[in-house]
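Enquirer: First the structure, which I've put down as structure tokens, then a few questions once you've had a look.
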Number of protein chains: 2
Amino acid sequence: MGVYEDFVDLSYNPSERDLVCTFELSPCTRRAAGAVAAESSIGTWTKLTTLSEKTKKRLMARVFYMDGKKIKVAYHPELFEENNMPQILSSIAGNIFGMKEVKKLRLLDVRFPRRIAKSFPGPAFGIKGIRKLTGVKHRPLIGTIVKPKLGLSPEEHARVAYEAWVGGCDIVKDDENLSSQKFNSFLKRIEATLKAKRKAEKETGEVKIYMPNVTAETKGMLRRAKEVKKRAGEYVMVDVLTAGFAGVQTLREEELGRVIHAHRAMHAALTRSRDFGISMSVLARVFRTIGVDQLHVGTGVGKMAEGRDKVLENVHALTDEYYNIKKTLPVASGGLHPGMVPDLFKIFGKDVVIQAGGGVHGHPKGTRAGAVALRAAVEAVAQGETLTWAAARTPELREALAHWKTRTKK
Amino acid sequence: MGVYEDFVDLSYNPSERDLVCTFELSPCTRRAAGAVAAESSIGTWTKLTTLSEKTKKRLMARVFYMDGKKIKVAYHPELFEENNMPQILSSIAGNIFGMKEVKKLRLLDVRFPRRIAKSFPGPAFGIKGIRKLTGVKHRPLIGTIVKPKLGLSPEEHARVAYEAWVGGCDIVKDDENLSSQKFNSFLKRIEATLKAKRKAEKETGEVKIYMPNVTAETKGMLRRAKEVKKRAGEYVMVDVLTAGFAGVQTLREEELGRVIHAHRAMHAALTRSRDFGISMSVLARVFRTIGVDQLHVGTGVGKMAEGRDKVLENVHALTDEYYNIKKTLPVASGGLHPGMVPDLFKIFGKDVVIQAGGGVHGHPKGTRAGAVALRAAVEAVAQGETLTWAAARTPELREALAHWKTRTKK
């Protein structure tokens, strides 16, 4: 038997303590399957003089399921360092993607055993905490992204945010590529925008949320998050994939008491390929485990590519029963406008942030009217009304639906 | 003209201050090309009421080249925050991979303008610094990875490392998934292994290098790196993709005076797909810019999939003339054994670390003999000798070549 085939044991029955991965694999042979299990645990391409049979038997990963297209691999928990997501990913999602033996390899699913899952803090707030903080109980949260993505001054940025809030948005966020540029420095922006937030709260009597993008080198990111805390901002936003797993863990474990909103820019470079990569639902599980409170999961409609089924897998990873770890709130964002709210509600139900950027600031009458339209659409649909009915009452919604040519018979 | 097509301007002539990206794109239409440029700079899917013509003209990215398969996009430098790699990647390698408009999108190349490149420290040591530190001037550096990947105790680990050093390795590194597990805690391992290193140095009269894997959540990673420094270890090793760009920047910018060895576990989930992702040469450029001193770039032979051409692109990104930023030393690692040294030398020349794990510890006579064989092969080839000649002198090499069935007529 070859060195790789050794790692296939179809009679193995994984224990609850094992970490279990499901991979899509081609060619789905014993050799390729064994290569994946070997390289992701303790083996390599040749027999070793330094590996005892005892260690091998104890720590080798085992392919225990193969169906011609997918395999499942069980990993002994001692292979992993608790509370170290980079190490865990270097094992189960590391070298294996580069091996000659595989022509297609995607990590489709991961089941973390309790002990490993609970070595991370999980979300500090989660869906319940966010509902309590915002006071919004019975409908999706309504968000916008300040647009254009880049180019506004801090004062212009705050003004656009203010218009969105008073129009009816609960949440305003920075764009994923806005951090601290010459035209809009981080500190000036959060000063101006948090001031606008307080003004909007006073005028509307509602809780308003600002999500400033703190993405940077880790220490810079922590400094920015602390500046937000110092100014009583409740949220921080981070680009979790370009910052990376170590940085996000550090941000979460600093325990700053801020809600963490996770943007997934770059994810599709990992998740979208048909031949190599990691599914978005695995990334969703990973970031929930690390402890983000909100995460972008696609829309099922709009400008992003994922269909409804993939989006629901992502939502499941954020909201299923998972060792009493809090639920992460799914965020639908990307190419949305008020006309899509009925479809979004069918996919997500009420536990979601519906974020529209262009779909608010592209309203013919401007940002405030766009926010009014989005709020009207969400409230109507949450109460079981059609958009047609709501549009009859709300001219801003009528204009939005006409502008983006939405069929209202849904 | 549509909102996306606006971002195509084939008459645009990029300035030296622009950041320029080359993408492989399908469908390579004006609409898809414009969508990439829009989403990665200031645009979105719909016309905005909040975007002034002045801001648009100044900050929009421009597709200035299209050839039916590839496009080039120029970005105004103000779009980016200096010294913030996560932000830069959230722009040029962010949402775009997930857009409906693209059926295939790979970031093939990036040219950072001087000002942005120089806002990062670059490698502290680079090839010259490593040559000086090790005293090895005229041949590839010889390395091994302690094997098995996991399962040895700290004492066993140190023993295997010692055998490799006295056999002739310059460098011994931890495996990418070894960090601090129950069977082998980080502190005990570096204590034991650095002690073994000093013993090996004394006995051989040569400088020996140990590369302990500090990969963890950022603050944990810094603590580990400081423990290495405290014990006078010269190197730290980090899994740059699973730690992530923010964490690696932080590690580099802590200025601990350690050589940083970068392992690329997980890269192929991003780099290997034919339809979506980022080329390894872009990642190589990014990590050189951030400032790692050594980086795994494939082998062209061995157990990893990349061919010679791709490997040479990676080497070029690490070693070309780049605003006087130091050169990162390429590391060839993955399925190597002494019989492959002539091929490796043809691909890499002398500026490379040749790392063999299984190809050292899998030697029939064990680790020390494996290291003797690898050293003999490298010294022979660096002096223009054939492996046949060298094997005649060195029984360990003869046995290695026979064991791995190497044709020696090269």
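The values are calculated or read from the model by the stated rules, or taken from the named source; none is laboratory data. All values reported here derive from a predicted model rather than from experimental measurement. No Cβ is skipped: glycine too gets one built from the backbone with ideal geometry, and neighbour counts run over all protein chains shown. Surface areas here come from the heavy atoms of the whole protein model, side chains and all, with no ligands, DNA or RNA. Shrake-Rupley method; radii C 1.70, N 1.55, O 1.52, S 1.80 Å.
Enquirer: Of all residues in the stretch B:367-389, how many are surrounded by fewer than 24 Cβ atoms within 10 Å (Cβ to Cβ), over 25 Å from the mean Cα position of the chain (by Cα) and farther than 14 Å from B:G168 by Cα?
Expert: Qualifying residue count for the region: 6.
Enquirer: Suppose the filter is open to solvent by less than 10 Å² (accessible area, probe 1.4 Å), in contact with a helix residue (DSSP H, G or I) (Cβ under 8 Å, 6 or more places away or on another chain) and within 21 Å of A:F120 (Cβ to Cβ); does A:T193 pass it?
Expert: Details: open to solvent by less than 10 Å² (accessible area, probe 1.4 Å): yes; in contact with a helix residue (DSSP H, G or I) (Cβ under 8 Å, 6 or more places away or on another chain): yes; within 21 Å of A:F120 (Cβ to Cβ): no.
The answer is no for A:T193.
Enquirer: Only one of A:I145, A:I190 is closer than 22 Å to A:K350 by Cα, in the same structural domain as A:E253 (by TED's automatic domain parsing) and at pLDDT 95 or above. Can you tell me which?
Expert: Exactly one residue qualifies, and that residue is A:I145.
Enquirer: So which of B:G43, B:G94, B:G98, B:G122 ends up being small (G, A, S) and closer than 30 Å to B:D174 by Cβ?
Expert: On the way: B:G43 fails: closer than 30 Å to B:D174 by Cβ; B:G94 fails: closer than 30 Å to B:D174 by Cβ; B:G98 fails: closer than 30 Å to B:D174 by Cβ.
Being small (G, A, S) and closer than 30 Å to B:D174 by Cβ holds for just one of B:G43, B:G94, B:G98, B:G122, which is B:G122.
Enquirer: When you scan the stretch A:330-342, do you find a residue that is part of a helix (DSSP H, G or I) and more than 14 Å from chain B (Cβ to nearest Cβ), even just one?
Expert: Taking the stretch A:330-342 as the starting set, the residues that turn out to be part of a helix (DSSP H, G or I) are A:338-342.
When the remaining residues are screened for being more than 14 Å from chain B (Cβ to nearest Cβ), the result is A:341-342.
Yes.
Every residue, every condition in (1) free of Cβ contacts under 8 Å to residues at least 12 places away in the same chain; (2) part of a loop (DSSP other than H, G, I, E, B); (3) under 30 Å from the mean Cα position of the chain (by Cα), yes or no:
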{"residue": "A:D6", "(1), (2), (3)": "no, no, no"}
{"residue": "A:L10", "(1), (2), (3)": "no, yes, no"}
{"residue": "A:A37", "(1), (2), (3)": "no, no, yes"}
{"residue": "A:I42", "(1), (2), (3)": "no, yes, no"}
{"residue": "A:T49", "(1), (2), (3)": "yes, yes, no"}
{"residue": "A:T55", "(1), (2), (3)": "no, no, no"}
{"residue": "A:R58", "(1), (2), (3)": "no, no, no"}
{"residue": "A:I88", "(1), (2), (3)": "no, no, yes"}
{"residue": "A:E101", "(1), (2), (3)": "no, yes, no"}
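Enquirer: Kindly evaluate B:F287 against the criterion of being aromatic (F, W, Y) and either open to solvent by 10 Å² or more (accessible area, probe 1.4 Å) or more than 11 Å from the chain's Cα centre (by Cα) (or both). Quick ask: steps written out before the conclusion?
Expert: Numbers: aromatic (F, W, Y): yes; either open to solvent by 10 Å² or more (accessible area, probe 1.4 Å) or more than 11 Å from the chain's Cα centre (by Cα) (or both): no.
No, not satisfied.
Enquirer: May I pose another question? Kindly provide the set of residues from the stretch B:284-308 that are more than 11 Å from chain A (Cβ to nearest Cβ), modelled with pLDDT of 95 or more and not in a strand (DSSP E or B), ordered by number. Write out each step before concluding.
Expert: Taking the stretch B:284-308 first, the residues more than 11 Å from chain A (Cβ to nearest Cβ) are B:284-285, B:287-289, B:291-295, B:297, B:300, B:308.
With modelled with pLDDT of 95 or more added as a condition, the list becomes B:284-285, B:287-289, B:291-295, B:297.
Hits for the stretch B:284-308 are B:A284, B:R285, B:F287, B:R288, B:T289, B:G291, B:V292, B:D293, B:V297.
Enquirer: Which of the residues that make up the stretch A:99-113 are at the interface with another protein chain (Cβ under 7 Å from one of its Cβ atoms) and open to solvent by less than 10 Å² (accessible area, probe 1.4 Å)?
Expert: Residue satisfying the conditions is A:M99 alone.
Enquirer: Provide a single number: the residues in the stretch A:12-35 that are closer than 30 Å to B:A400 by Cβ and in a strand (DSSP E or B).
Expert: 0
Enquirer: Considering (1) touching a residue at least 24 places away in the same chain (Cβ under 8 Å); (2) open to solvent by less than 10 Å² (accessible area, probe 1.4 Å), say which one A:K69 fails and leave the rest.
Expert: Failing condition for A:K69: (2).
Enquirer: Which ones in the stretch B:198-227 are open to solvent by less than 10 Å² (accessible area, probe 1.4 Å) and touching a strand residue (DSSP E or B) at 6+ places or on another chain (Cβ under 8 Å)?
Expert: B:K208, B:I209, B:Y210, B:M211, B:P212, B:N213, B:V214, B:T215, B:M221, B:A225
Enquirer: Taking the stretch A:194-217, which residues are more than 14 Å from chain B (Cβ to nearest Cβ), touching a residue at least 24 places away in the same chain (Cβ under 8 Å) and not in a helix (DSSP H, G or I)?
Expert: Matches in the stretch A:194-217: A:E206, A:V207, A:K208, A:I209, A:Y210, A:M211.
Enquirer: State which residue pairs qualify: first residue part of a helix (DSSP H, G or I) and inside the stretch B:377-397, second residue open to solvent by 30 Å² or more (accessible area, probe 1.4 Å) and of a type in the set (V, I, T) in any location, beta carbons under 6 Å apart, and separation of 6 or more residues or different chains.
Expert: Close Cβ pairs (under 6 Å, with a partner that is open to solvent by 30 Å² or more (accessible area, probe 1.4 Å) and of a type in the set (V, I, T)) amount to B:L387/B:T408; B:T388/B:T408; B:E396/B:V372.
Enquirer: Among the residues of the stretch B:74-88, how many are open to solvent by less than 10 Å² (accessible area, probe 1.4 Å) and more than 20 Å from B:P14 (Cβ to Cβ)?
Expert: Count: 4.
Enquirer: With (1) of a type in the set (A, V, I, L, M); (2) within 14 Å of chain A (Cβ to nearest Cβ); (3) farther than 23 Å from A:V248 by Cα as the list, and B:I278 as the residue in question, which single condition is left unmet?
Expert: So B:I278 meets the others, but not (3).
Enquirer: Would you say A:K137 is part of a loop (DSSP other than H, G, I, E, B), free of Cβ contacts under 8 Å to residues at least 12 places away in the same chain and of a type outside the set (D, E)?
Expert: Here the answer is yes, as A:K137 does meet what is asked.
Enquirer: Kindly check whether there is at least one residue in the stretch A:259-278 that is at positive phi and in contact with a Pro (Cβ under 8 Å, 6 or more places away or on another chain). Walk me through how you get there before you give the answer.
Expert: Keep residues of the stretch A:259-278 that are at positive phi, which gives A:266, A:277.
Going one step further and asking which of them are in contact with a Pro (Cβ under 8 Å, 6 or more places away or on another chain), we end up with none.
No: the stretch A:259-278 contains no residue that is at positive phi and in contact with a Pro (Cβ under 8 Å, 6 or more places away or on another chain).
Enquirer: Next question. Out of all the residues in the stretch A:316-366, which are farther than 26 Å from A:L397 by Cβ, without any contact (Cβ under 8 Å) to a residue 40 or more places away in the chain and open to solvent by 20 Å² or more (accessible area, probe 1.4 Å)? Give the derivation first.
Expert: Narrowing the stretch A:316-366 to residues farther than 26 Å from A:L397 by Cβ: A:316-328.
Applying the additional criterion that residues be without any contact (Cβ under 8 Å) to a residue 40 or more places away in the chain yields A:316-318, A:320-321, A:324.
Listed by number, the residues that qualify are A:H316, A:D320, A:E321, A:N324.
Enquirer: With respect to the numbered conditions (1) outside any loop (DSSP other than H, G, I, E, B); (2) within 25 Å of B:E81 (Cβ to Cβ); (3) within 14 Å of the chain's Cα centre (by Cα), which one is the sole condition not fulfilled by B:T250?
Expert: Against the list (1) outside any loop (DSSP other than H, G, I, E, B); (2) within 25 Å of B:E81 (Cβ to Cβ); (3) within 14 Å of the chain's Cα centre (by Cα), B:T250 comes up short only on (3).
Enquirer: Limited to the stretch A:295-333, what total is found for residues that are of a type in the set (A, V, I, L, M, F, W, C), more than 11 Å from the chain's Cα centre (by Cα) and over 12 Å from A:A284 (Cα atoms)?
Expert: 4
Enquirer: Output the residues belonging to the stretch B:218-243 that are without any contact (Cβ under 8 Å) to a residue 12 or more places away in the chain and in a loop (DSSP other than H, G, I, E, B).
Expert: Step one: filter the stretch B:218-243 for residues without any contact (Cβ under 8 Å) to a residue 12 or more places away in the chain, giving B:219-220, B:223, B:230.
Answer for the stretch B:218-243, where residues must be without any contact (Cβ under 8 Å) to a residue 12 or more places away in the chain and in a loop (DSSP other than H, G, I, E, B): there is none.
Enquirer: Still on this structure: Suppose we filter the stretch A:237-256 for residues that are surrounded by fewer than 24 Cβ atoms within 10 Å (Cβ to Cβ) and either facing chain B (nearest Cβ under 8 Å) or within 20 Å of A:L187 (Cβ to Cβ) (or both); how many remain?
Expert: Matching residues across the stretch A:237-256 total 3.
Enquirer: Same structure, new question: Within the bounds of the stretch B:152-159, is there any residue that is of a type outside the set (A, V, I, L, M, F, W, C), assigned to a loop (DSSP other than H, G, I, E, B), more than 26 Å from A:V248 (Cβ to Cβ) and not assigned by TED's automatic domain parsing to the domain that holds B:A93? Give the derivation first.
Expert: Initial filter on the stretch B:152-159 (of a type outside the set (A, V, I, L, M, F, W, C)): B:153-157, B:159.
Keeping just the survivors that are assigned to a loop (DSSP other than H, G, I, E, B) gives B:153.
Remaining after also requiring more than 26 Å from A:V248 (Cβ to Cβ): B:153.
Narrowing further to those that are not assigned by TED's automatic domain parsing to the domain that holds B:A93: B:153.
The answer is yes, given that some residue of the stretch B:152-159 is of a type outside the set (A, V, I, L, M, F, W, C), assigned to a loop (DSSP other than H, G, I, E, B), more than 26 Å from A:V248 (Cβ to Cβ) and not assigned by TED's automatic domain parsing to the domain that holds B:A93.
Enquirer: Go through the stretch B:22-59 and give me each residue that's of a type in the set (A, V, I, L, M, F, W, C) and within 13 Å of chain A (Cβ to nearest Cβ). Full working, then the answer.
Expert: Let us first name the residues in the stretch B:22-59 that are of a type in the set (A, V, I, L, M, F, W, C), namely B:23, B:25, B:28, B:32-33, B:35-38, B:42, B:45, B:48, B:51, B:59.
Of everything in the stretch B:22-59, those that are of a type in the set (A, V, I, L, M, F, W, C) and within 13 Å of chain A (Cβ to nearest Cβ) turn out to be B:F23, B:A32, B:A35, B:V36, B:A37, B:A38, B:I42, B:W45, B:L48, B:L51, B:L59.
To keep it simple, each residue is scored yes or no on (1) within 14 Å of chain A (Cβ to nearest Cβ); (2) open to solvent by 10 Å² or more (accessible area, probe 1.4 Å).
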{"residue": "B:K137", "(1), (2)": "no, yes"}
{"residue": "B:G143", "(1), (2)": "no, no"}
{"residue": "B:V146", "(1), (2)": "yes, no"}
{"residue": "B:R159", "(1), (2)": "yes, yes"}
{"residue": "B:V172", "(1), (2)": "yes, no"}
{"residue": "B:E176", "(1), (2)": "yes, no"}
{"residue": "B:L187", "(1), (2)": "yes, yes"}
